[in-house]
1. Check A259 against each of (1) open to solvent by 30 Å² or more (accessible area, probe 1.4 Å); (2) within 16 Å of the chain's Cα centre (by Cα) and name the one condition it does not meet.
2. Determine which single condition W305 fails, assuming it passes every other condition in (1) in a helix (DSSP H, G or I); (2) closer than 14 Å to A257 by Cα.
3. Kindly indicate the residue of region 101-113 that is out of contact with any helix residue (DSSP H, G or I) (no Cβ under 7 Å at 6 or more places or on another chain) and part of a helix (DSSP H, G or I) and also nearest to E69 (Cα to Cα) among those meeting that condition.
4. Please find, among G78, G96, G25, the residue that is at pLDDT 90 or above, farther than 22 Å from L140 by Cα and either open to solvent by 60 Å² or more (accessible area, probe 1.4 Å) or not in a loop (DSSP other than H, G, I, E, B) (or both).
5. Say we look at region 175-216 and pick out the residues that are of a type outside the set (A, V, I, L, M) and not in a helix (DSSP H, G or I); which of these is surrounded by the most Cβ atoms within 10 Å (Cβ to Cβ)?
6. Look through A271, A281, A195, A235 and report the one residue that is modelled with pLDDT under 95 and either touching a Ser or Thr at 6+ places or on another chain (Cβ under 6 Å) or not aromatic (F, W, Y) (or both).
7. Suppose the filter is closer than 25 Å to A299 by Cα, buried (at least 20 other Cβ atoms within 10 Å of the Cβ) and among the acidic types (D, E); does E368 pass it?
8. Is it the case that some residue within region 279-292 is in a helix (DSSP H, G or I) and exposed (fewer than 14 other Cβ atoms within 10 Å of the Cβ)?
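The values are calculated or read from the model by the stated rules, or taken from the named source; none is laboratory data. Note that the structure is predicted; figures quoted are calculated from it, not measured. Using ideal geometry, Cβ is built from the backbone for each residue, glycine included, and neighbour counts are taken over all protein chains shown. All accessible areas refer to the heavy atoms of the entire protein, side chains included, with ligands and DNA or RNA removed. Shrake-Rupley method; radii C 1.70, N 1.55, O 1.52, S 1.80 Å.
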Amino acid sequence: LLEALERLAEFDEVRSSVLGDGLVGFLREGASSQNPRVRLLVARLLARLVSVESQTDRLAEVGLLEDCEKLLLDEETGSSEAAATVFRVACKWPSGLKAAMAACDRLLGSLGQISEVMRIRALSLFIELGRASEESFQGLLDKGAYKHVLGSFLTDDILLKLNAVELMDALGSYNAGQDFLCEEGIPERLAAELADPMGDSSVRLCVVRLLGFVLQRAPRMSEKLLASHDGPLPATMVAFMESRDPSERLCALNAWASASASPAGLKFFLAWPEFLQSSLAAAASAQHEVCKGAMACWAAVLQGWSPAEDGAAEGLAIWSLAEEKLLPAVLKALVAKPFPEIRCYVWRLLAVFTLQRKGSQRILVSAEMRDLLLDFTSETASEPRIAKHEFVCALVRNQGRWLSDFLDEKVEEVLVDYSRQGPHWLPREARAMVADGTA
């Protein structure tokens, strides 16, 4: 019978019919059933029903959303996760949001009495509800829910701290959570975690990542977090860049890219040539993940600043450095790195360089590009082929006004046609023109 109900619950027509008076009682009893399979069935069924506002209203009316609270702290992980999904989806609707806030009120009141596993689940629910809507985030913020998350991380209990690492990482992964982390006092408390010589590596990774978000969302914090090269955050970033662990190097690179989105942050790193040199070297790293991550970070930084002559001084400085030091290494990667997953990042970073005329010209006259630009079979895998097409589209879009003066007329026509036709287009004359190259 249970197997039949589980299969029937996959159909929309059947799910909508269970809210009649005849089956509501069964569902309410099922939420408290001793059989874990029944509880899981009820939780999954409710998770599907709340996707429709009228059905959510009905669930709230008959008390099923309130019954679902019991499943939030169910011993079976599957039932608990499904129940959390119920409230995360339901909070899109007024009746669902009201029920979710009421459930959170009761959870907040019981945090001191439940087990550590259940506590982590409850805090995770608060974070996911905050991600779901600004209204639910503000409601939980007013109730002090996120201070409990922060308190679980900023503790001397190493086991509790390790359990809270993923919670903090999740909280810092969306804008409202990042704004909360930018509140007065929190960044400094997080940075203090980096000064602990006995700190756990996963905690340090989480803190560096979060402080990168803080610097991007609240550039004013640069005065405190980037006060000197010897500060907790910069010193940890240097240690990460020198590490053999790709996850640490990627974490430092992402924090650098986030901080460089603001004038104060970029100015700090421009005055620190040793760190910039390590970020340049990472773009040519033999570690594939580090190489891809570094190229993506450089692309993000350059896209955030105008290369135009009337642009900000910090932006012009980073563009000048990138053209002189980074671009030659990226062009070499077109030949030296044959792996498709890396070539995607190479072409996309080259597409960013088309924002600048001087960089575009340097790309077109390079030996690497002369051999590959019109070789429409150079990329056999789909993703790098699409990335190469994106590069050509960016070149035509950003520098199309002078291409006819710089390239042979036939070459320009082929590039324009290629940009219009798509990444899998192959002109008849392409093979013959590979040898001719650019004028």
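1. With (1) open to solvent by 30 Å² or more (accessible area, probe 1.4 Å); (2) within 16 Å of the chain's Cα centre (by Cα) applied to A259, the lone miss is (1).
2. (1)
3. Only one residue fits best here, namely A102.
4. Selected residue: G78, the only one of G78, G96, G25 that is at pLDDT 90 or above, farther than 22 Å from L140 by Cα and either open to solvent by 60 Å² or more (accessible area, probe 1.4 Å) or not in a loop (DSSP other than H, G, I, E, B) (or both).
5. C182
6. A195
7. In short, no.
8. No: zero hits.
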